[in-house]
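A.B. asks: Got a structure here, written out as structure tokens. Questions coming.
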Amino acid sequence: MKKLGLIPLRRDSKGISGKNKKKMLGRPLFSWVLTEAVFSDLDVVYVFTNDLEIIDYIKKEYRWTPKIVALLRDEEHASDTATTESVMQEFAEKIDYDFSILCLLQATSAFTLAIDINEVLAKIISKTCDSALSVVRTHRFTWNDNGTAQNYDIFKRPRRQDFEGLLIENGAVYGTTKETFLESKNRISGRIGLVEMPEESLTEIDSATDWVIVETLLADRLKRHKSNQKITYLVLDVDGVFTDGGIYYNADGEMAKRFDMRDGMGLEILRQHGVEVMVLTSENSELVAQRMKKLQIQDTFLGVKDKYLFLKNVLEARNSDFQAVAYVGDDVNDLANICASAWSFAPANAMAIVQQHADIVLKNPSGAGAIREVCELILKYNKRYE
């Protein structure tokens, strides 16, 4: 049974310019649902877009996994008037209907989790439903234009705990069998199953205010999963963490970066106490590669733009998760990992937004003792587990 995910993206968007590519917690908006799709039971996830920049990004950034595929969609079905069903139809034809279940995922639904996708799939795989969709149970009282209540008796106003509420589509996840889609040409039809998601997932991103609300809620959700356990991984950014953020250039390009020798000793001591050290940077620098080789840091990953998905994949491959991680970052592209990791640190000279979300703001600046300070804090913290 071939289960495909479809994330349709348009190059242009109204309300918020470039919404799909705009950085939410340092990552393109579409990458949040894409991450969850990768770790769901879907076999392949297609990003279907007319934006060549996104296609290029996906091919470069996610080349390490065959589960993500970028596919160019026609301009005809990327206009303001095009329906989602027309996009689904175009996609299905482009792949010759090579699927058993098609799962439509909306990029603007940043709260979608792998478990939500899996529950929609399960409704269909069990053969109890031909299609399924995600909904939210809201306990709001609704009214008609003529001043009459729709869903309650105004003289017997129910308490929230006694009120069943209403089920509302949140537009996050839709699933259908190939046979059902071929017959109805609609995202849902036949016997339809419902999968409830949290009420926060009902928030739509149509304005700058919506964006701030969703970003805040998303950061809070990541932080709620933090737990106390022994730190077994220290993950470090490079520029602005190992270095002061400065780069020296000559006519041939990058010439030099400044590293603090004391940081190297701290990392060596930390490894002797069983903490594995990883380096994760968006830059693809030979200077960095040589320095990490000198420090004997084997897990050095260069040129990684989507640090959250990459680290999540590395940890899962090692039967671990973010709760075993201490993370040090200084800029917005570190924000997701800062929020998700059990312990997060920001150098004294990190960007203000990173300091705001980090668990600990260090006394020392980057390139001048920040990493050594982190090493000592982790050693002290881990003693309680010895």
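Since every read-out is calculated from the coordinates, none of them should be taken as a lab result. Please read these numbers as outputs of a predicted model, since none were measured by experiment. All Cβ positions, even for glycine, are placed from backbone atoms using ideal geometry, and neighbour counts span all protein chains on display.
A.B. asks: Compute the signed sum of charges (Lys and Arg +1, Asp and Glu -1) over the other residues within less than 13 Å, Cβ to Cβ, of Pro66.
C.D. replies: So the environment of Pro66 carries a net charge of +2.
A.B. asks: Around Val214, under 12 Å between beta carbons, what's the net of Lys plus Arg minus Asp minus Glu among the other residues? Please report the intermediate quantities before stating the final value.
C.D. replies: On the way: positive: Lys19, Lys22, Arg221; negative: Glu200, Glu204, Asp206, Asp210, Glu215, Asp220.
Taking every other residue near Val214 into account, the sum is -3.
A.B. asks: Would you work out if region 3-224 is rounded, prolate or oblate? Take a ≥ b ≥ c from the square roots of the eigenvalues of the alpha-carbon gyration tensor; rounded if a/c is under 1.5, else prolate when a/b is larger than b/c, oblate otherwise.
C.D. replies: prolate
A.B. asks: As I understand it, the dipole of the chain uses +1 on the Cβ of Lys and Arg and -1 on the Cβ of Asp and Glu, about the Cα centre. Which of Asn20, Thr142, Thr216 lies farthest toward its positive end?
C.D. replies: Farthest towards the positive pole: Thr216.
A.B. asks: Residues with amide H under 5 Å of Met278's amide H, sequence separation 5 or more or different chain, H placed in the peptide plane at 1.01 Å from N; which?
C.D. replies: Leu234, Val235, Leu236
A.B. asks: What is the dipole size for region 258-386, taken about its Cα centre, with +1 at each Lys and Arg Cβ and -1 at each Asp and Glu Cβ, in debye to the nearest 20? Mind showing how you got there, number by number?
C.D. replies: On the way: 15 positive and 17 negative charges, 58 e Å.
Once rounded to the nearest 20, the dipole reads 280 debye.
A.B. asks: Which whole-number percentage describes the relative contact order of region 233-385, with Cα contacts under 8 Å and a sequence gap of 6 or more?
C.D. replies: 27 percent
A.B. asks: Within region 97-122, whose backbone N sits under 17 Å from a point 7 Å along Cα→Cβ of Leu182?
C.D. replies: In region 97-122, the label zone of Leu182 (backbone N under 17 Å from the point 7 Å along Cα→Cβ) covers 97-103.
A.B. asks: Hey, another quick one. At R0 = 41 Å, how high is the FRET efficiency between Gln296 and Val212 if r is their beta carbon distance? Nearest 0.05 is fine.
C.D. replies: The formula returns an efficiency of 0.45 here.
A.B. asks: Rank Val173, Gly329, Gly369 by how far each Cα sits towards the positive end of the charge dipole of the chain (+1 on Lys, Arg Cβ; -1 on Asp, Glu Cβ) and give me just the farthest.
C.D. replies: Of the candidates, Gly369 comes out farthest on the positive side.
A.B. asks: Next question, about the same structure. Which ³J(HN,Hα) values in Hz, rounded to whole numbers, follow from the phi angles of region 29-43 under the Karplus curve 6.51 cos²θ - 1.76 cosθ + 1.60, where θ = phi - 60° and Gly and Pro get x?
C.D. replies: Those phi angles translate into 3, 5, 6, 5, 6, 4, 4, 5, 5, 4, 9, 8, 7, 5, 7 Hz.
A.B. asks: I've got another one for you. Sort region 118-224 into rounded, prolate or oblate with this rule: let a ≥ b ≥ c be the square roots of the eigenvalues of the Cα gyration tensor; rounded if a/c is under 1.5, and if a/c is not under 1.5, prolate when a/b is larger than b/c, oblate otherwise. Spell out each step's value before the answer.
C.D. replies: Working: a/c = 1.94, a/b = 1.28, b/c = 1.52.
In terms of gyration-tensor shape, oblate.
A.B. asks: Would you work out if region 326-386 is rounded, prolate or oblate? Take a ≥ b ≥ c from the square roots of the eigenvalues of the alpha-carbon gyration tensor; rounded if a/c is under 1.5, else prolate when a/b is larger than b/c, oblate otherwise.
C.D. replies: Oblate, because a/c is 1.5 or more while a/b does not exceed b/c.
A.B. asks: For each of Glu183, Glu164, Glu199, Glu61, count neighbouring Cβ atoms within 10 Å of the residue's Cβ, then give the residues from fewest to most.
C.D. replies: Listing Glu183, Glu164, Glu199, Glu61 from fewest to most nearby Cβ atoms yields Glu164, Glu183, Glu199, Glu61.
A.B. asks: Let me ask something else about it. Taking amide hydrogens as modeled 1.01 Å from N in the peptide plane, which residues meet the under 5 Å criterion relative to Lys19, leaving out close sequence neighbours?
C.D. replies: Ser13
A.B. asks: Here's another thing I want to ask about it. Give, rounded to the nearest 20 debye, the magnitude of the charge dipole that region 1-142 has about its Cα centre when Lys and Arg contribute +1 at Cβ and Asp and Glu contribute -1 at Cβ.
C.D. replies: 660 debye
A.B. asks: While we're here: Top mean-square fluctuation among Ile154, Ile117, Ile192, Gaussian network model of the chain, C-alpha springs under 10 Å?
C.D. replies: Of Ile154, Ile117, Ile192, the Gaussian network model singles out Ile154 as fluctuating most.
A.B. asks: Kindly put Leu52, Leu222, Leu236, Leu71 in sequence by how many other C-beta atoms sit within 10 Å of each C-beta, fewest to most.
C.D. replies: Fewest to most other Cβ atoms nearby, the residues stand as Leu52, Leu71, Leu222, Leu236.
A.B. asks: A further question follows. With springs only between Cα atoms under 10 Å apart, run a GNM on the chain and tell me which of Ala346, Ala114, Ala82 wobbles the most.
C.D. replies: Highest fluctuation of the listed residues: Ala82.
A.B. asks: Related question: For region 337-353, in order, what is each residue's ³J(HN,Hα) by Karplus, 6.51 cos²θ - 1.76 cosθ + 1.60 with θ = phi - 60°, in whole Hz (x at glycine and Pro)?
C.D. replies: Taking θ as phi minus 60°, the curve returns 5, 4, 6, 7, 6, 4, 10, 10, 10, 10, x, 4, 9, 5, 4, 4, 5 Hz for region 337-353.
A.B. asks: Within the set of other residues whose C-beta is less than 12 Å from the C-beta of Ala352, count the net charge using Lys and Arg as +1 and Asp and Glu as -1.
C.D. replies: Computed value for this residue: -2.
A.B. asks: Moving to a separate point now. Given a cut-off of 24 Å, name the pairs among Lys19/Lys178; Lys226/Lys312; Lys22/Lys307; Lys3/Lys123; Lys67/Lys94; Lys312/Lys380 whose C-alpha atoms lie farther apart than that in the structure shown.
C.D. replies: Violating the 24 Å limit, Cα to Cα: Lys19/Lys178; Lys312/Lys380.
A.B. asks: In addition: Per-residue HN-Hα couplings for region 302-310, Karplus 6.51 cos²θ - 1.76 cosθ + 1.60 at θ = phi - 60°, whole Hz, x for Gly and Pro?
C.D. replies: 9, x, 9, 7, 8, 5, 5, 5, 5
A.B. asks: Right, next: Name the residue, out of Ala348, Ala172, Ala110, whose mean-square fluctuation peaks in a Gaussian network model built on the chain with Cα pairs under 10 Å.
C.D. replies: Per the Cα network of the chain with a 10 Å cutoff, Ala348 tops the list.
A.B. asks: What ranking do Phe345, Phe39, Phe163 get, fewest neighbouring Cβ atoms within 10 angstrom at the top? Kindly include the intermediate steps, with their values, before the conclusion.
C.D. replies: Values: Phe345 27, Phe39 17, Phe163 14.
Result, fewest neighbours first: Phe163, Phe39, Phe345.
A.B. asks: Quick one: which residues, 5 or more positions from Val45 or on another chain, have an amide H under 5 Å from its amide H? H modelled 1.01 Å from N in the peptide plane, none for Pro or chain starts.
C.D. replies: Placed amide hydrogens put Gly5, Ile68, Val69 under 5 Å from Val45.
A.B. asks: With +1 on each Lys and Arg Cβ and -1 on each Asp and Glu Cβ, and nothing else charged, work out how big the dipole of the chain is about its Cα centre, in Debye to the nearest 20. Walk me through the numbers on the way to the answer.
C.D. replies: On the way: 49 positive and 57 negative charges, 225 e Å.
Using Cβ point charges on Lys, Arg, Asp and Glu, the chain gives about 1080 debye.
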